[in-house]
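Written below as structure tokens is the structure these notes are about.
Where a number appears in this text, it was derived from the coordinates with a stated rule and is not lab data. Because the structure is a prediction, the values reported are computed rather than measured. Quick reminder, even Gly has a Cβ in these numbers, built from the backbone with ideal geometry, and neighbours come from all protein chains shown.
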Amino acid sequence: MDIVSGQSIAFIQRGEMVFVETFDAWYSREHDRMIATLALSTGDIELAVEGVDEACSRALERWKRISVMESPTGWVYRVAINHARRVARRRSMEQRVFRKQVPIPDLPAPAGEIWKLVASLSERQRQVVMLRHVADMNENEIGTVLGISRGTVSSTLHDAHERLGRLLGDENEL
């Protein structure tokens with residue numbers, strides 16, 4: 001039997017009473033930030049919304065299991081980025097088959113302004129930067145989400161910051 005009280009839900013798991021945040025409370029807090037993070041990582045706001053919404057629907061179905069994880073947001077982001085990758089691969093194949101060019105949409109500010117610099121980073125660097133600075137995840141959480149070690153996260157983040165610093169320096173000299 002589950003007991004819901006405001007922002008928390010209590011249920012019995014392995015013989016112990018567990019208190020976790022309700023899905024609604026978590027969703028209200030994290031949804032927009034996850035979309036912004038994924039949009040900056042992929043460069044496609046529609047793909048980000050689709051990915052996050054799909055991941056959130058999967059999380060809702062499994063909330064009892066996901067809510068007790070160390071980082072429910074990390075799990076949802078991982079599902080969202082995997083979904084976005086599948087959709088992007090499918091689009092890429094369709095473009096090759098139909099020889100269509102799909103224009104890259106303009107991102108809303110401030111993402112549009114930031115994206116010009118961030119777009120030059122490698123995919124992993126973009127993901128690490130967005131998870132750290134937009135999703136506000138720590139290095140351990142980022143490592144879990146991306147399936148890499150904390151040391152690799154730290155190194156990747158350092159390299160990305162150095163590259164962005166050089167790019168900003170070049171832009172200021174213009």
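If the chain between R85 and H158 were fully stretched, how many nm would it gain, using 0.36 nm times the residue separation less the Cα-Cα distance?
Values: separation 73, 0.36 × 73 = 26.28 nm, distance 2.48 nm.
The span from R85 to H158 would gain 23.8 nm if fully extended.
If you take every residue apart from N140 with its C-beta less than 12 Å away from the C-beta of N140, what net charge results, scoring Lys and Arg +1 and Asp and Glu -1?
With Lys, Arg at +1 and Asp, Glu at -1, the neighbours total -1.
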